[in-house]
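Undergrad: Just passing along the structure, written as structure tokens.
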Amino acid sequence: MSRRITGFTPSGELHLGNYFGAIKPLVDQQVPDRSIVFVSDLHALTLEHDPAEVRRRTLEFATVLLAAGADPARSIFLVQSHVPEHTELHYLLESATGYGEVRRMIQFKEKSRDSDRVRVSLLTYPVLMAADILLYHAGEVPVGADQRQHVELARDIATRFNAAYGPVFTVPHMVNPPVAARIMDLSRPTAKMSKSTSSGGTLRLLDSPDTLRRTVMRAVTDPGSAIEYDPGNRPGIANLLTILAACTGEDPVDAATRFSGYAQLKHAVADAVIATTDPIRHHYAELSHDPESVRKILRDGVIRARLIASDTVSAAKQAIGLLPA
């Protein structure tokens, strides 16, 4: 079985969409020595940021992931910047990557379009993402559609490097995450729930039950009064039913038949969301009272990660032509 890697950039706040789209799948599929979970703090530096906030979010994300079920006994769990081989391999891979390849990345085009202060790291971070993957010989990378281009770049770099300098890297392939609920913003049900927006329609994993309930009760609905699962024509109600189904495991079409009014549906959704997030929030509170225990888990993860990463970098340095020390 090949290794599988999943990373989380510590910007914004983790929400219910992140949980069902990425966190729960990785928790359900953890395999000892085959699963790698990391907080990609270096990726948070590509845009203007508050240094103290990046540090705070990094520890918060690590703690939330642990609270949600990331298991250091079954996954190598680490913070990206704690393993220096990530940045060392990044430069080696830049030496095998064309400017045009990274310039064509869709996210770079979108984020740099309206700015005259674009950081070089925004241009090159897809190569760092390739290093994250190739460093651990990860064969499987579960990604959504917005990240497919980055995994394709990692594949191209690995293939080119191996052909030019010798078989150093495992060529990764994309795997489709388990079908997850596509959870939309409750105030804008045609837009995905986001970590970074403050629309008032996001269900954050660490929100209090009262806050979650208020957010659900204010959710945008659709004209008329019918309760039916019709994402194309009734996106507000469909989103509420999607959230309910994700939390309870039922089919959203079947769930729709149980309700006669919007208020009744919203109360049921709020109850289900709170029941889903309560264990995570309570476990997070326990862990956050002892941050040193989380830091120890991260330090242990670094030791395990570097056993793999140092060998990979040594092989890449030798292959590309660097003189051993």
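Undergrad: Please state which one of Ala255, Ala245, Ala226 is in contact with an Asp or Glu (Cβ under 7 Å, 6 or more places away or on another chain) and aliphatic (A, V, I, L, M).
TA: Going through Ala255, Ala245, Ala226 in turn, the sole match is Ala245.
Undergrad: Can you tell me which of (1) under 29 Å from Ala158 (Cα atoms); (2) open to solvent by 60 Å² or more (accessible area, probe 1.4 Å) is the one Val127 doesn't meet?
TA: Tallying (1) under 29 Å from Ala158 (Cα atoms); (2) open to solvent by 60 Å² or more (accessible area, probe 1.4 Å), Val127 fails exactly one: (2).
Undergrad: Working only within the stretch 196-233, note down all residues that are open to solvent by 50 Å² or more (accessible area, probe 1.4 Å), in a loop (DSSP other than H, G, I, E, B), of a type in the set (A, V, I, L, M, F, W, C) and modelled with pLDDT of 95 or more.
TA: Result: Leu206, single match.
Undergrad: Given the criteria assigned by TED's automatic domain parsing to the domain that holds Gln107 and either at pLDDT 95 or above or touching a Pro at 6+ places or on another chain (Cβ under 8 Å) (or both), does Val151 qualify?
TA: The answer is yes for Val151.
Undergrad: Is it the case that the stretch 92-100 has a residue that's part of a helix (DSSP H, G or I) and at pLDDT below 95?
TA: yes
Undergrad: Here is a check on your reading of the model: is Leu322 out of contact with any Lys or Arg (no Cβ under 8 Å at 6 or more places or on another chain), modelled with pLDDT of 95 or more, part of a loop (DSSP other than H, G, I, E, B) and surrounded by fewer than 20 Cβ atoms within 10 Å (Cβ to Cβ)?
TA: In short, yes.
Undergrad: Looking only at the stretch 293-304, decide whether some residue is touching a Leu at 6+ places or on another chain (Cβ under 7 Å), surrounded by 19 or more Cβ atoms within 10 Å (Cβ to Cβ) and either more than 30 Å from Ile133 (Cβ to Cβ) or outside the structural domain of His137 (by TED's automatic domain parsing) (or both).
TA: Looking through the stretch 293-304, none of the residues is touching a Leu at 6+ places or on another chain (Cβ under 7 Å), surrounded by 19 or more Cβ atoms within 10 Å (Cβ to Cβ) and either more than 30 Å from Ile133 (Cβ to Cβ) or outside the structural domain of His137 (by TED's automatic domain parsing) (or both).
Undergrad: Right, here's the next one. Could you give me the residue pairs with C-beta distances under 6 Å whose first residue belongs to the stretch 254-267 and is in the same structural domain as Ile237 (by TED's automatic domain parsing), whose second residue is open to solvent by less than 60 Å² (accessible area, probe 1.4 Å) and hydroxyl-bearing (Ser, Thr, Tyr) wherever it lies, and which are 6+ apart or on separate chains?
TA: Pairs that qualify, where the first residue is in the same structural domain as Ile237 (by TED's automatic domain parsing) and the partner is open to solvent by less than 60 Å² (accessible area, probe 1.4 Å) and hydroxyl-bearing (Ser, Thr, Tyr), are Tyr262/Thr221.
Undergrad: Leu89 is checked against (1) open to solvent by 10 Å² or more (accessible area, probe 1.4 Å); (2) in a helix (DSSP H, G or I) and fails just one. What number does that condition carry?
TA: (1)
The values are calculated or read from the model by the stated rules, or taken from the named source; none is laboratory data. None of the values given here were measured: they were computed from a predicted structure. We place every Cβ from the backbone using ideal geometry, glycine too, and count neighbours over all the protein chains shown. Just the protein is used for accessible areas: all its heavy atoms, side chains included, with ligands, DNA and RNA removed. Shrake-Rupley method; radii C 1.70, N 1.55, O 1.52, S 1.80 Å.
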